[in-house]
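Participant: After the structure tokens below, expect a handful of questions from me.
Derivation of every value follows stated rules applied to the coordinates shown; laboratory data play no part. All values derive from a computational prediction rather than experimental measurement. Don't worry about glycine lacking a Cβ; one is built from the backbone with ideal geometry, like all the others, and counts go over all protein chains shown.
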Amino acid sequence: MQTIINAFPYLMEGLQVTLYIFGIAIVIGFLIGLIVALLRLAPLKILNWIAKIFVDAIRGTPFIVQLFFIYFGLNSLGFFSLDNTTAGIVTVAINAGAYFSEIIRAGIQSIDKGQTEAARSLGLNPTQTMRHIILPQAFRRMLPTITNQAIISLKDTSLLSVIGVADLTQEGRIQASATFDAFNVYLILGIIYFVVIYLLSMLASFVERKFVLR
Amino acid sequence: MSMIIVENLKKSFGDLEVIKDMSTVVEEKEVICVIGPSGSGKSTFLRCLNRLEEISGGHVYIEGTDITDPKVDINKVRQNVGMVFQQFNLFPHKTVLQNVTLAPTKLKKGDQKAVEKKAYELLDKVGLREKAKAYPGELSGGQKQRVAIARALAMDPKIMLFDEPTSALDPEMVGDVLDVMKQLAREGMTMVVVTHEMGFAAEMGDRVLFIDGGYIVEENVPKELFGNPQHERTKAFLSKVL
Ligand SMILES: Nc1ncnc2c1ncn2[C@@H]1O[C@H](COP(=O)(O)OP(=O)(O)OP(=O)(O)O)[C@@H](O)[C@H]1O
Ligand SMILES: [Mg+2]
């Protein structure tokens, strides 16, 4: 019990770092996903290809390799130096972005063609149609899948401990060896992740209910 | 000036030549009804009039503007050409009122107050003011179609295109929608109506176009076209539907 009480403040600090990284990465990741999805659906083959190559590259490689590539690989070129937290955020954002883009693309394509036709026949241009008619409906449909991906990305942040980011998992590792009580520390670590993810799902289903498609 | 001029219109989907050569002229305040067998290209013809389908050949002039000209701002033209679809295509995430106000709001047709006032007037006109705050999912088919008509009218179009507006409706709903269309016709709206409602075509149509095989086979006032069809194919079609 004493172990837990001693370790807890450190774990909470780690949690803050995890949530900070997750929060920024998920927002950027979502924007990347939106842009890549629109590129994939754009009426220009070259854009479709660029987007597809990006998505395939991310989906076809392990997260940890992407992380090493960005942190060690890009930094070794010497053009810039990313600290480990920034590299972590960038990796999570890009990784989530690729998966989000597939979700968003499927969501957009699931909206009936008649919606676009009705909007265009009123004189709305393609951008206005996407923004006011297609995306709002697509997002409602995509919300459960988006939540799913967000949860996966949150769990992915634990891998940032490998490059020394002081996130929740890293603090857990430190506390486990400092207290010689690996069992209880990792048990608590798991519970903290579980609670955070549970709250995230609750938030998502609240939003879902609020914006339920009529 | 003629409202619509269709000049040697052609439309293919890949190898499938749906419209081979069609020409016609629609004058202001005319109501043109388009009839023909299923798959004959009635919808395609209508959708070429606001370039919802890319036109393969020929010209379509809307109030003198050649919409086949790639330099034309088609969005501007479409603001003057309302369209009503068989499947309504209301925006399910917007209320009835928002469905009607969305386009005029986004396309800056006056301030919000005026746009809303106009929307309520249009909902009055189609008999659905009390449904303003409802969502499309809460309406019957006939009500949805009347909202769709109000939505199209909100842009103050000069021309209205209807693609079988009553074919997806339960029989008891058809009358309400046709009544709205008749009122619109009497008010002088220029209308092109693809329809299976021969009664409507006979009563309201200034002219009826019979389409088959990629051509306008016959075009005449309803009395003549229905009572004294000139072509074998028209006769064969009418004998099946009348
Ligand atoms: N987007 C498309 N791609 C390929 N073929 C199409 C497309 N739209 C229509 N067609 C074909 O063009 C022909 C004419 O279709 P259209 O919908 O215009 O007929 P219609 O007269 O409106 O028929 P209906 O009375 O059943 O509504 C049909 O053979 C149809 O399969
Ligand atoms: Mg049709």
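Residue-wise test of (1) within 16 Å of ligand 1 (Cβ to nearest atom); (2) among the aliphatic types (A, V, I, L, M).
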| residue | (1), (2) |
| --- | --- |
| B:Thr195 | yes, no |
| B:Met198 | yes, yes |
| B:Ala202 | no, yes |
| B:Asp206 | no, no |
| B:Leu209 | yes, yes |
| B:Asp212 | yes, no |
| B:Pro222 | no, no |
| B:Gly227 | no, no |
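Participant: For B:Val25, work out the one condition from (1) more than 15 Å from ligand 1 (Cβ to nearest atom); (2) of a type outside the set (Phe, Trp, Tyr); (3) over 17 Å from the mean Cα position of the chain (by Cα) it doesn't fulfil.
Facilitator: (3)
Participant: Taking the condition free of Cβ contacts under 8 Å to residues at least 40 places away in the same chain and within 22 Å of A:Ile32 (Cα to Cα), does A:Gln66 pass?
Facilitator: When the stated conditions are applied, A:Gln66 passes them.
Participant: Enumerate the helices (runs of 4 or more DSSP H) found wholly within the range A:103-211, keeping only those where 3 or more residues are more than 30 Å from A:Leu82 (Cα to Cα) and out of contact with any Ser or Thr (no Cβ under 7 Å at 6 or more places or on another chain).
Facilitator: A:113-121, A:126-129, A:135-156, A:182-210
Participant: Which residues, taken from the range B:12-52, are more than 16 Å from ligand 2 (Cβ to nearest atom) and among the hydroxyl-bearing types (Ser, Thr, Tyr)?
Facilitator: Across the range B:12-52, the qualifying residues are B:Ser12, B:Ser23, B:Thr24.
Participant: Going by what's in this entry, would B:Ala236 be described as in contact with a helix residue (DSSP H, G or I) (Cβ under 6 Å, 6 or more places away or on another chain) and of a type in the set (Gly, Ala, Ser)?
Facilitator: No.
Participant: Of the residues B:Gly14, B:Gly110, only one is within 11 Å of ligand 1 (Cβ to nearest atom) and on the phi > 0 side of the Ramachandran plot; which?
Facilitator: B:Gly14
Participant: Could you identify the single residue in A:Leu67, A:Leu19 that is under 18 Å from the mean Cα position of the chain (by Cα), within 25 Å of A:Val185 (Cβ to Cβ) and surrounded by 20 or more Cβ atoms within 10 Å (Cβ to Cβ)?
Facilitator: A:Leu67
Participant: Hey, another quick one. Can you say whether B:Leu90 is out of contact with any strand residue (DSSP E or B) (no Cβ under 6 Å at 6 or more places or on another chain) and more than 30 Å from B:Phe210 (Cβ to Cβ), as far as the supplied structure shows?
Facilitator: In short, yes.
Participant: Could you grab me the full set of residues in the range A:33-90 that are within 30 Å of A:Ala138 (Cβ to Cβ), among the aliphatic types (A, V, I, L, M) and not in a helix (DSSP H, G or I)?
Facilitator: Answer for the range A:33-90, where residues must be within 30 Å of A:Ala138 (Cβ to Cβ), among the aliphatic types (A, V, I, L, M) and not in a helix (DSSP H, G or I): A:Ala42, A:Leu44.
One line per residue, one yes/no per condition, for (1) surrounded by fewer than 18 Cβ atoms within 10 Å (Cβ to Cβ); (2) within 20 Å of A:Arg131 (Cα to Cα); (3) more than 9 Å from every other protein chain (Cβ to nearest Cβ):
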site: B:Gln112; (1), (2), (3): yes, yes, yes
site: B:Val115; (1), (2), (3): no, no, yes
site: B:Leu122; (1), (2), (3): no, no, yes
site: B:Pro136; (1), (2), (3): no, yes, no
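Participant: Among (1) surrounded by 13 or more Cβ atoms within 10 Å (Cβ to Cβ); (2) part of a helix (DSSP H, G or I); (3) within 17 Å of the chain's Cα centre (by Cα), which single condition is B:Phe237 missing?
Facilitator: Of the numbered conditions (1) surrounded by 13 or more Cβ atoms within 10 Å (Cβ to Cβ); (2) part of a helix (DSSP H, G or I); (3) within 17 Å of the chain's Cα centre (by Cα), the odd one out for B:Phe237 is (3).
Participant: When the residues of the range B:160-199 are narrowed to those that are of a type in the set (Val, Ile, Thr), in contact with an Asp or Glu (Cβ under 9 Å, 6 or more places away or on another chain) and crowded, with 22+ Cβ neighbours inside 10 Å, which ends up farthest from B:Val84 (Cα to Cα)?
Facilitator: Here the residue is B:Thr190.
Participant: Residues in the range A:112-165 that are over 21 Å from B:Pro136 (Cα atoms) and either more than 14 Å from chain B (Cβ to nearest Cβ) or touching a strand residue (DSSP E or B) at 6+ places or on another chain (Cβ under 6 Å) (or both): how many?
Facilitator: Looking only at that region, the number is 22.
Per-residue answers, yes or no, for (1) without any contact (Cβ under 8 Å) to a residue 24 or more places away in the chain; (2) touching a helix residue (DSSP H, G or I) at 6+ places or on another chain (Cβ under 6 Å):
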{"residue": "A:Pro126", "(1), (2)": "yes, no"}
{"residue": "A:Arg140", "(1), (2)": "no, no"}
{"residue": "A:Leu143", "(1), (2)": "no, yes"}
{"residue": "A:Gln149", "(1), (2)": "no, yes"}
{"residue": "A:Thr157", "(1), (2)": "no, yes"}
{"residue": "A:Leu168", "(1), (2)": "no, yes"}
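Participant: Can you give me the ranges of the helices (runs of 4 or more DSSP H) entirely in the range B:141-216 with at least 1 residues that are within 14 Å of chain A (Cβ to nearest Cβ) and within 16 Å of ligand 2 (Cβ to nearest atom)?
Facilitator: Because the criterion is at least 1 residues that are within 14 Å of chain A (Cβ to nearest Cβ) and within 16 Å of ligand 2 (Cβ to nearest atom), the helices (runs of 4 or more DSSP H) in the range B:141-216 that meet it are B:141-153.
Yes/no per residue for (1) within 16 Å of ligand 1 (Cβ to nearest atom); (2) under 19 Å from the mean Cα position of the chain (by Cα):
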| site | (1), (2) |
| --- | --- |
| B:Met1 | no, no |
| B:Cys33 | yes, yes |
| B:Gly36 | yes, yes |
| B:Ser40 | yes, yes |
| B:Gly57 | yes, no |
| B:Gln98 | no, no |
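Participant: Would you mind finding the one in B:Leu9, B:Leu46 that is within 27 Å of B:Phe226 (Cβ to Cβ), touching a strand residue (DSSP E or B) at 6+ places or on another chain (Cβ under 6 Å) and within 14 Å of chain A (Cβ to nearest Cβ)?
Facilitator: Being within 27 Å of B:Phe226 (Cβ to Cβ), touching a strand residue (DSSP E or B) at 6+ places or on another chain (Cβ under 6 Å) and within 14 Å of chain A (Cβ to nearest Cβ) holds for just one of B:Leu9, B:Leu46, which is B:Leu46.
Participant: Among the candidates B:Val84, B:Val96, single out the residue that is away from ligand 2 (no atom under 16 Å from the Cβ), in contact (Cβ under 8 Å) with a residue 40 or more places away in the chain and within 14 Å of chain A (Cβ to nearest Cβ).
Facilitator: Sole residue among the options that is away from ligand 2 (no atom under 16 Å from the Cβ), in contact (Cβ under 8 Å) with a residue 40 or more places away in the chain and within 14 Å of chain A (Cβ to nearest Cβ): B:Val96.
Participant: What about B:Leu169, is it closer than 25 Å to B:His93 by Cβ and within 16 Å of ligand 1 (Cβ to nearest atom)?
Facilitator: In short, yes.
Participant: B:Ala103 - would you say it is within 13 Å of chain A (Cβ to nearest Cβ), more than 23 Å from the chain's Cα centre (by Cα), away from ligand 1 (no atom under 16 Å from the Cβ) and among the aliphatic types (A, V, I, L, M)?
Facilitator: So B:Ala103 fails the test.
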